[in-house]
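FYI, it's all coordinate maths here, none of it is from the lab. Since the model is a prediction, treat every value here as computed from it, not as a measurement. Cβ sites come from the backbone with ideal geometry, for glycine too, and all protein chains shown count toward neighbours.
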Amino acid sequence: MPDKSFLHWPFFEDRHRAVAAGIESWCAANLPVDECDLDGACRDLVRRLGHDGWLKHTAPDHEAAAPLDVRTLCLIRETLARHDALVDFAFAMQGLGAGPISLFGKAEQRQWLARTRSGEAIAAFALTEAQSGSDVANIATCARRDGDGYVLDGEKTWISNAGIADLYVVFARTGEAPGAKGISAFIVPGDAEGLSVAERLDVISPHPLARIVFDGLRVPASAMIGAPGEGFKIAMATLDVFRATVAAAALGFGRRALDETLQRARTRRMFDGALADLQLVQGAIAEMALDIDAAALLVYRAAWTKDSGAARVTREAAMAKLFATERAQRVVDKAVQLHGGDGVRRGHIVERLYRDIRALRIYEGASEVQKVIIARQMLAGG
Ligand SMILES: Cc1cc2nc3c(=O)[nH]c(=O)nc-3n(C[C@H](O)[C@H](O)[C@H](O)COP(=O)(O)OP(=O)(O)OC[C@H]3O[C@@H](n4cnc5c(N)ncnc54)[C@H](O)[C@@H]3O)c2cc1C
């Protein structure tokens, strides 16, 4: 039985506890899914999450004046990740992919949100390039002004949902200034002429991922999100909001690893007793529980701070992501160790968690990048 005591922390209201209970029931009724056809499974998960109302939490409803609630996003991601990495991915990308539109889109652009919230449209966030992952300001994909629109040429790689997305938010160089100040954000429909998938990328915790090419892809000027040159700011502000939710997913993986370990420690017989009787094992369990509670405090501190009206939560989100992902990796590693041979057996839940957690320490800003962000915030006075 997963620990739910944190739901009574002062960060949460009754509506959050209701969401946590609701998504738990949804997982029990809908998971696991057959993931042999990865693209098909993702499409199906997005459709079901949309149909059952969960995706409405991934973007604000501006007409109903319902803002994004980061605590709700984190609770959902934590719960989904505790059950299955792919369903968490399917949920998360709807938020991140549509994030620039949610936060900076004009009224007519926000029409996309009705479709990402219902699960009718799959979203992707296309920032990374082969030569500019951590060094985001260095992107080379260009958007050249041409008459009443822009023409995009270049490549993006490591793009989640590439190939199945109906909507890409693409960051491209428009050249108002060198570096970070010369980048703009564009909405590109998945079926746009000049957009193609060049290479599918197979990773240790599979999800739809690819390198994509823009070859003379034309978009109208109205596809630009925000103003020319604001793309870097838009990307960073979007990551600021969604970074805490990556930490929440890591927390979910960690919680599952602890639950599996507790079950194993209680039932595995050895040395005339149970695994749980051994004090070194108790020490490992104590460290796992401590890592999880400390991570949860940082995750929900960041989410609560944002929900309480903070314009930016750069420091809080970076701390949550750094700590939760690194410690979840440690927790999962201990779980593998305490499962003995079964822990490395392909298909075992802790073996899966060991693969699922790894990329979270790299994407949306590697751990080293989070340290730089935190240090800069501290040196700047807060
Ligand atoms: C599974 C997965 C999904 C992804 N999905 C998306 C997506 O949907 N959209 C998208 O745009 N991108 C996506 N990415 C890309 C991801 O954001 C980049 O991989 C990440 O930013 C790191 O960039 P890089 O791979 O080029 O590594 P590099 O930038 O080459 O960095 C390599 C390593 O260098 C170290 N490092 C980096 N900066 C510093 C520093 N300042 N100080 C010290 N060390 C440092 C870190 O250890 C880092 O891991 C995804 C990546 C993965 C693995």
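In the neighborhood of residue 116, defined by Cβ-to-Cβ distances under 14 Å, what is the net charge if each Lys or Arg adds +1 and each Asp or Glu adds -1? Before the final figure, lay out each step's value.
Numbers: positive: 43, 47, 56, 110, 115, 117; negative: 61, 120, 166.
That works out to +3.
When you count, for each residue, the other Cβ atoms within 10 Å and take the mean per peptide, how do 29-41, 297-309 rank with the highest first?
Working: 29-41: 13.1, 297-309: 21.5.
Ranked from most to least packed, the peptides come out as 297-309, 29-41.
If packing is taken as the average number of other Cβ atoms within 10 Å across a peptide's residues, how do 321-327, 60-66 rank, most packed first?
Working: 321-327: 25.3, 60-66: 12.0.
Output ranking for 321-327, 60-66: 321-327, 60-66.
What FRET efficiency do you get for residue 131 and residue 277 if R0 is 51 Å and r is their Cβ-Cβ distance, rounded to the nearest 0.05? Show your work: numbers first, answer last.
Details: r = 54 Å, r/R0 = 1.06.
The pair residue 131/residue 277 has a calculated efficiency of 0.40.
May I ask you to evaluate 6.51 cos²θ - 1.76 cosθ + 1.60, the Karplus curve with θ = phi - 60°, for each residue of region 150-165 and list the ³J(HN,Hα) values in order in whole Hz, giving x for glycine and proline?
My calculation for region 150-165 gives 10, 10, 9, 9, x, 9, 10, 10, 6, 8, 5, 6, 4, x, 10, 6 Hz in order.
Arrange the peptides 121-128, 283-290, 179-186 so that the one whose residues have, on average, the most other Cβ atoms within 10 Å appears first.
Details: 121-128: 25.5, 283-290: 15.8, 179-186: 21.2.
Highest to lowest by the protection proxy: 121-128, 179-186, 283-290.
Out of residues 5 or more away from residue 150 or on other chains, whose amide H comes under 5 Å of its own, with H placed 1.01 Å from N in the peptide plane?
Counting only residues 5 or more places away or on other chains, the set is 219, 221.
Tell me which residues come under 5 Å, amide H to amide H, from residue 362 once H is placed; ignore anything under 5 positions away on its chain.
Excluding prolines and chain starts, which carry no amide H, there are no hits.
Can you give me the Cα centroid spacing of region 262-315 and region 223-241 in angstrom?
First find each Cα centre; the distance between them is then 35 Å.
How about region 83-167: which GluC sites (Glu not before Pro) there are in a DSSP loop, with at most 13 other Cβ atoms within 10 Å of their Cβ?
Values: sites: 108, 120, 129, 155; in loops: 108, 120.
Of the GluC sites (Glu not before Pro), the ones in loops of region 83-167 whose Cβ has at most 13 other Cβ atoms within 10 Å are 108.
Give the separation of the Cα centroids, region 134-206 to region 1-67, in Å.
Using only Cα atoms, the two centres lie 29 Å from each other.
Suppose every Lys and Arg Cβ carries +1 and every Asp and Glu Cβ carries -1, with no other charges. What dipole size does the chain come out with about its Cα centre, to the nearest 20 debye? Intermediate results must be reported in sequence, preceding the final value.
Details: 46 positive and 49 negative charges, 159 e Å.
For this selection, approximately 760 debye.
Using θ = phi - 60° and the Karplus curve 6.51 cos²θ - 1.76 cosθ + 1.60, what whole-Hz ³J(HN,Hα) does each residue of region 99-105 get, with Gly and Pro shown as x?
x, x, 6, 3, 8, 10, x
From the phi angles alone, apply the Karplus equation (6.51, -1.76, 1.60; θ = phi - 60°) to region 38-55 and give each ³J(HN,Hα) in whole Hz, x where the residue is Gly or Pro.
Result, ordered by residue: 4, 5, x, 4, 5, 4, 5, 5, 4, 4, 5, 4, x, 4, 8, x, 6, 5 Hz.
For the pairs 4/321; 156/306; 4/306; 306/371, note any where the Cα-Cα span goes beyond 24 Å. Walk me through the numbers on the way to the answer.
Working: 4/321 21 Å; 156/306 30 Å; 4/306 22 Å; 306/371 20 Å.
Among 4/321; 156/306; 4/306; 306/371, the Cα-Cα distance tops 24 Å for 156/306.
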